[in-house]
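The values are calculated or read from the model by the stated rules, or taken from the named source; none is laboratory data. Remember, predicted model here, so these are calculated numbers, not experimental data. With ideal geometry, Cβ positions are generated from the backbone for all residues, glycine too; neighbour counts draw on all protein chains shown. Just the protein is used for accessible areas: all its heavy atoms, side chains included, with ligands, DNA and RNA removed. Shrake-Rupley method; radii C 1.70, N 1.55, O 1.52, S 1.80 Å.
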Amino acid sequence: MKQRFRQFMQGRYGLDQLYVGMLVLYFILLFFSRWFMPELMTGLMTLVIILAVFRMFSKNIVVRQRENAVYLRVVNGMKHTGKKLLQRIKDIPTKRYRKCPNCAVTLRLPRKRGRHKTTCPKCHTSFEVKIRM
Ligand SMILES: [Zn+2]
């Protein structure tokens, strides 16, 4: 039986991070289907499972790898944005963020009221920042 399955899976794509992401999406939809548009959620859940199984048994490995790469790029971008947002929230009591007018890089400055001169560490442009509170 195990040998037969192994033979069947030969040349097929199998599992990847996108597969796991689709399973997570399935359970999120399952969770919300109790309160929000159950028919639509059930339809979406069916679609997600069909796509996940199709991808797993697909023999077009190059396209599946490309899909997974796009998925990873999107998820990593979201993680990066989330981390930055969390850091900014943590910094509210002590820091202020300002953009360099020359190169648009974001500077993390100490929270000191008033007008200050600062220098961009990237392009070394000096400019004035105003921190209100
Ligand atoms: Zn700059």
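Note down the magnitude of the dipole of the chain about its Cα centre, charges +1 on Lys and Arg C-beta and -1 on Asp and Glu C-beta and zero elsewhere, to the nearest 20 debye.
It comes to approximately 1040 debye.
Have a look at 43, 94, 19 and report the one farthest towards the positive end of the charge dipole of the stretch 18-114, computed about the Cα centre with Cβ charges (Lys/Arg +1, Asp/Glu -1).
Of 43, 94, 19, it is 94.
On average, how much accessible surface per residue is there in the chain, in Å², for a 1.4 Å probe, leaving out ligands, DNA and RNA?
79
Would you kindly derive the ³J(HN,Hα) couplings of the stretch 77-91 from the backbone phi angles with the Karplus curve 6.51 cos²θ - 1.76 cosθ + 1.60 (θ = phi - 60°), listing them in order in whole Hz, with x for Gly and Pro?
Karplus-based 3J(HN,Hα) across the stretch 77-91 equals x, 5, 4, 4, 4, x, 4, 4, 4, 4, 4, 5, 5, 4, 7 Hz.
If you average the alpha carbon positions of the stretch 89-133 and of the stretch 1-78, how far apart do those two centres end up, in angstrom?
First find each Cα centre; the distance between them is then 44 Å.
With θ set to phi - 60° and the Karplus curve 6.51 cos²θ - 1.76 cosθ + 1.60, what are the ³J(HN,Hα) couplings of the stretch 15-23 in order, to the nearest whole Hz, using x for Gly and Pro?
Residue by residue, the stretch 15-23 yields 9, 8, 5, 5, 4, 4, x, 5, 5 Hz.
Assuming a viscosity of 0.692 mPa s and a temperature of 37 °C, what translational diffusion coefficient in µm² per second does Stokes-Einstein assign to the chain, Rh being the Kirkwood radius over Cα pairs?
169
Which one, 69, 104, 52, has the greatest fluctuation when you compute a Gaussian network model over the chain with C-alpha springs under 10 angstrom?
Fluctuation is largest for 104.
Working out 0.36 nm times the residue gap between residue 56 and residue 15, then minus their Cα-Cα distance, what length gain in nm do you get to one decimal?
14.2 nm
Would you mind checking which residues have amide H under 5 Å from residue 99's amide H? H placed 1.01 Å from N; only 5 or more apart, or other chain.
107
Any idea how many Lys pairs in the chain come in under 14 angstrom at the alpha carbon, given 8 or more places apart or on separate chains?
Close lysine pairs under the 14 Å cut-off: 8.
Looking only at Cβ-Cβ distances, which cysteines of the chain have no other cysteine closer than 4.7 Å?
Cysteines lacking a close Cβ partner in the chain: none.
Excluding residue 60 itself, calculate the net charge of residues whose Cβ lies under 11 Å from the Cβ of residue 60, where each Lys or Arg counts +1 and each Asp or Glu counts -1. Can you show the working numbers first?
Details: positive: 12, 55, 59, 64, 66; negative: 67.
So the environment of residue 60 carries a net charge of +4.
Checking the a/c ratio against 1.5 first, then a/b against b/c, what shape does the Cα gyration tensor give for the stretch 62-133?
It comes out oblate by the Cα gyration axes.
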